[in-house]
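What follows draws every value from the coordinates through simple rules; no lab data is involved. As the structure is a computational prediction, the values presented were derived from the model and not from experiment. We place every Cβ from the backbone using ideal geometry, glycine too, and count neighbours over all the protein chains shown.
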Amino acid sequence: MDGRSLKDVRPYQVSIGTLSLSNGSARVFLPGGETDILCSVKAEVCPSTNQTDNGDIQISVEFLGDAGVSTNFGMRNRTMKREAELSKILQKLLANAIDLRELCIVPGKWVWGLYVDILVLASEGNLLDCCSFAAFSALNATLLPHITCIKRTDDRQKPSKASDDFLVDADIGKASPPPGIDLCPVVVTVSKVSNGNHMIVDALPEEEMCASALVSVSVDQKGSICGIQKCGSGSLPISQLNHITEVATNVSSVLFKNIQASIKKQINSGETSKTCSNLLQNYFEII
């Protein structure tokens, strides 16, 4: 409808470091404001609560104002269900694809918890994919402080504070992205148009309404399929699923290239907002 071919995506812009009080943040938008999404990543040191020493990543989505949904009080429940649905799908397609063992700080005691909050300011279709672009960009722009583990000499099994087990370096120059986050995937949704076998990526709202099925595929930078989610009542033969995953893989390679080039350019040029050096020390101080 907008002159693109069926496999072309719109010219999304990515800006990182937009929220100075976050450990990582990103904004994904289209020129003109048709789509505008903010993502903030906050990091916390959490007690290890399982036998595998896995860290934790939680993703939540929230709409603001009239971002493609009604603000009428009677429609609020529908909006909340949509927010919960998007959060659940993103948790499945993105967070579950990351090796959470990489987020362990002190085995058996402390792990990183990453909280990814996505705020939808405006949306012009393909919302799930755009949220994944924002989450990927924000996570890859996230900085965690350098941590030095303290070797304890006593053998007594008594509760300890985090400050007893490791030291946090407040030097922003030594901060680094979360380990393993480079394998975070993005989501590419392929819409199957009801009349015919046409497959559309980055669909507009009108195109989504005409689709009999929408298949969201999460793909990492290696081209591996991390998860698949189908919406819509239309049937989907296995042969078409193979074609859809191939389309999603090809589109994702272009997306990764464009997003990473934009992030690298902003970091090298110093365009991102700089976190003050004492923020890390203050933020991660645990009493």
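Worth a mention:
- Each of Cys231, Cys130, Cys39 was scored by other Cβ atoms within 10 Å of its Cβ. Arranged with the fewest first, they read Cys231, Cys130, Cys39.
- Each label point was placed 7 Å from the Cα along the Cα-to-Cβ direction; for Lys174 and Tyr115 their separation is 2.7 nm.
- Per-peptide packing, taken as the mean over residues of other Cβ atoms within 10 Å, places 122-129, 255-262 in the sequence 122-129, 255-262 from highest down.
- Projected label distance in nm at Thr18 and Asn96, using a 7 Å step from Cα toward the beta-carbon: 2.9 nm
- Estimated distance in nm for a label pair at Glu34 and Asp182, the labels positioned 7 Å out from Cα along Cα-to-Cβ: 3.5 nm
- The length gained on full extension between Leu6 and Thr49, counted as 0.36 nm times the residue separation minus their Cα-Cα distance, comes to 10.9 nm.
- Trypsin sites (Lys or Arg not before Pro) within the stretch 173-223, DSSP loop, no more than 14 other Cβ atoms inside 10 Å: Lys222
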